[in-house]
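The values are calculated or read from the model by the stated rules, or taken from the named source; none is laboratory data. What you are looking at is a predicted structure, and each value in this text was computed from that prediction instead of being measured. Note that we place each Cβ from the backbone using ideal geometry, even for glycine, and neighbour counts take in every protein chain shown.
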Amino acid sequence: MKKLALLGASGHGKVVAEMAILHGWREITFFDDAWPEKNMNGLWPVQGDTNELLSRLAEYDGVVVSIGHCATRWQKHLLLQGAGAPIVSITHPSAVMSPNARLGAGTVVMAGAVVNIDSVLGQSVIINTGARIDHDCKVSDAVHIGPGASISGNVSVGFASWVGVGACVRQGQSIGDQVMVGAGAVVVSDLADGVVVKGNPAKPGDLSGLPSEC
């Protein structure tokens, strides 16, 4: 029996759990720092917090951090990696993955997503439902590409950046580290580290209306 531990009992975690079952994992257990107050996540039990998972790593064939918040996800990923956890990547069966694309440990690619030839996804990346990553892209560690977002060819996305629902990035652009691209934004120029952009064309803005998960 293939046993998978997920750290992060949230709605995002439920999606990862369900696609893990479709991927062939047979037993799913959640861990979350809200335990013991939170003891179920949908269909699955929550059996402890981060420290409990660290003490039980030998029980599991795979571990994934299922937290949407980019910085928190990366922190937990590094903690588990340092403890020797068997961190795995999971791809939904309906995702279209080029055999010449590369996925880092802890990365999840969700239903209907497309990752094309010679694209490289870092560790602990989320490629959410229906997102598209075209050829020769570089998506750095801890990035979250939101549902339905489109990343054209030869785009680089920097560390822990977030690209919102339905956003589009023109070919050849470079997005810096810890950038937030708002839902539906159209990125037609390079973006420096740490900026927040929204609109068409994407321009700097405030955090109003943008999610807090990254």
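Overview of results
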| quantity | calculated |
| --- | --- |
| Residues located in segment 124-150, provided they are touching an Asp or Glu at 6+ places or on another chain (Cβ under 9 Å), within 20 Å of residue 180 (Cβ to Cβ) and either aromatic (Phe, Trp, Tyr) or part of a loop (DSSP other than H, G, I, E, B) (or both) | 124, 125, 137, 140 |
| Index of the failed condition, residue 75 passing every other in (1) in the same structural domain as residue 143 (by TED's automatic domain parsing); (2) within 21 Å of residue 159 (Cα to Cα) | (1) |
| Any hit, segment 116-125, residues being under 11 Å from the mean Cα position of the chain (by Cα) and acidic (Asp, Glu) | no |
| Subset of segment 26-79 (residues that are of a type in the set (Lys, Arg) and under 20 Å from the mean Cα position of the chain (by Cα)) | 73, 76 |
| Sole exception among (1) of a type in the set (A, V, I, L, M); (2) without any contact (Cβ under 8 Å) to a residue 60 or more places away in the chain; (3) surrounded by 23 or more Cβ atoms within 10 Å (Cβ to Cβ) for residue 143, by number | (2) |
| Odd one out for residue 183 among (1) modelled with pLDDT of 95 or more; (2) surrounded by fewer than 17 Cβ atoms within 10 Å (Cβ to Cβ) | (2) |
| Positions within segment 67-86 being assigned to a loop (DSSP other than H, G, I, E, B) and among the small types (Gly, Ala, Ser), in sequence order | 68, 83, 84, 85 |
